Amino acid sequence: MEKFAVLGCGVVGSGVVELFEKNKALIEKRCGKSLEMGYILDLRDFPDRPYGNKVVKSIDTILADNDVTVVAECMGGVEPAFTFVKACLEHGKSVSTSNKELVAKKGDILLKTAKEHNCNFFFEASVGGAIPIIRPMHKCLAANTFSAVAGILNGTTNFILNKMICDSMDFEAALKLAQELGYAEKDPTADVEGHDACRKICILSSLAFGKHVYPESVFTKGIREVELKDTKYCEQLGFAIKLIAQVKALDNGKILPTVMPMAVKNTNLLSQVNDVFNAVMTETDGADRSMFYGRGAGKFPTASAVLGDMIEQVQLDGTISAQTWESADNADFIEDFAAFSAKRYFRTTAADMAVLTEVFGDVEERTISDDEETVCIVNAEMNAAQVDAAVKALAQKGVQVLAQYPVLV
Ligand code: HSE
């Protein structure tokens, strides 16, 4: 009889326990052996829940039980999760985690530890919730060279932006609703400021390019400054403002990972990803564009991915199958954000198009003028220095830039 343990009985941890109990018979069939929930590690007690008698307070109880072969880490945060996960791996227990901060900051170390101790460190749930993306990138697309990965990787911000676009709901009300529905992180700053999406693109970048990308190397801008009026103007112009996490391989051999709100053209499938849903688009030399879509947050969607990992770990039974990447000095292979170049959406105080055409040149003809503000899409790609120069040139002509977003076509 093999046993598993769950570290942290919050939204995701309790989802793992409940989904396991609901589908125990088929999970065991798929594992090819019987499996029991052995322990739940949590500071709290759960006397009213059926699994209340499984709660333990010390990781040592789990480490000491040789029947525990698989551990689900659903605590969140780096510590004590890192110490506990590392200890489990050092005891030969495979770990599945939903904790993107842990993987983004310590994935290289934990992958190495797992290999050294003949077990697996899996993290399918850490990016895109229920969406199968880690395994497809690691296994199904293994024959390809990646040129780009772009995604909507945060359900909370996608939900908020969608409520702004479709229901004209203001930012705070939409955030409150996302929290009530259990999508947002405990501290919603991580969602709203883009840190959660940043951690996830770090994981996908490390996987795609084989070197650890650390969160501090990624240009990250959240959605707090997105105004209702820009969501409306963009919609009228055939774009949707989305928080896009992406990484591109550049011709100079470096990569450029970014997280920021972008105006996504409505011909791009990512513009159609609404509500709390997430999506990831990969671009590779063999497979071309592939799109992965599903629920990126929530109790059971995330638990589904954690349990999927755990089933594979039981099946693998000591065989190492985990993806791997190297620790790396990010300065050597991550390009500076100043090199980021894209078409742009601008909202300005210009009374008409003449001055904008003068400064930007190739400007998309469809424009909206409202409240003496003029919106345009600049067709030529502009990098940060060119944007700065254009903003200064407009200022000299008495025109202010009120908002600007890079465009994703
Ligand atoms: N707060 C996260 C989100 C949860 O909204 O996507 C899943 O990582």
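The values are calculated or read from the model by the stated rules, or taken from the named source; none is laboratory data. If you're wondering where the values come from, they're calculated on a predicted model, not measured in any experiment. Here Cβ is always computed from backbone atoms with ideal geometry, including for glycine, and neighbour counts include all displayed protein chains. Remember, those area values only see protein heavy atoms, side chains included, never the ligands or the DNA or RNA. Shrake-Rupley method; radii C 1.70, N 1.55, O 1.52, S 1.80 Å.
Hey, can you tell me all the residues within the stretch 51-74 that are surrounded by 18 or more Cβ atoms within 10 Å (Cβ to Cβ) and either within 25 Å of residue 318 (Cα to Cα) or within 16 Å of the ligand (Cβ to nearest atom) (or both)?
The answer is 59, 62, 68, 69, 70, 71, 72, 73, 74.
Filter the stretch 145-177 for residues that are open to solvent by 60 Å² or more (accessible area, probe 1.4 Å) and without any contact (Cβ under 8 Å) to a residue 40 or more places away in the chain; which is farthest from the ligand (Cβ to nearest atom)? Quick ask: steps written out before the conclusion?
Taking the stretch 145-177 as the starting set, the residues that turn out to be open to solvent by 60 Å² or more (accessible area, probe 1.4 Å) are 145, 166-168, 170, 172, 176.
Right, trim to without any contact (Cβ under 8 Å) to a residue 40 or more places away in the chain and you get 167, 172, 176.
On the way: 167: 18, 172: 16, 176: 14 Å.
The extreme case among them is 167.
Among the numbered conditions (1) among the small types (Gly, Ala, Ser); (2) in contact with a Gly (Cβ under 7 Å, 6 or more places away or on another chain); (3) open to solvent by 40 Å² or more (accessible area, probe 1.4 Å), tell me where residue 142 comes up short.
The number of the failed condition is (2).
Does the stretch 75-121 hold any residues that are away from the ligand (no atom under 16 Å from the Cβ) and not in a helix (DSSP H, G or I), and which are they? Spell out the reasoning first.
In the first step, residues of the stretch 75-121 are kept if they are away from the ligand (no atom under 16 Å from the Cβ); the result is 79-80, 82-95, 106, 108-121.
Matches in the stretch 75-121: 79, 80, 91, 92, 93, 94, 95, 117, 118, 119, 120, 121.
Consider only pairs whose beta carbons are under 7 Å apart and that are at least six residues apart or on different chains; among these, list those whose first residue lies in the stretch 178-197 and is hydroxyl-bearing (Ser, Thr, Tyr) and whose second residue is near the ligand (Cβ under 10 Å from one of its atoms) and in a helix (DSSP H, G or I).
Close Cβ pairs satisfying both conditions: 183/155; 183/156; 183/159.
When you scan the stretch 81-102, do you find a residue that is closer than 17 Å to residue 17 by Cβ and modelled with pLDDT under 95, even just one?
no
Please state which one of 320, 334, 377, 311 is of a type outside the set (Lys, Arg), touching a residue at least 60 places away in the same chain (Cβ under 8 Å), closer than 28 Å to residue 272 by Cβ and away from the ligand (no atom under 16 Å from the Cβ). Break it down stepwise before answering.
Numbers: 320 fails: closer than 28 Å to residue 272 by Cβ; 334 fails: closer than 28 Å to residue 272 by Cβ; 311 fails: closer than 28 Å to residue 272 by Cβ.
Answer to the selection: 377.
Which of the strands (runs of 3 or more DSSP E) found entirely inside the stretch 336-404 contain at least 3 residues meeting this: not polar (S, T, N, Q)?
Details: elements: 341-348, 368-370, 373-383.
In the stretch 336-404, 341-348, 373-383 are the strands (runs of 3 or more DSSP E) which contain 3 or more residues that are not polar (S, T, N, Q).
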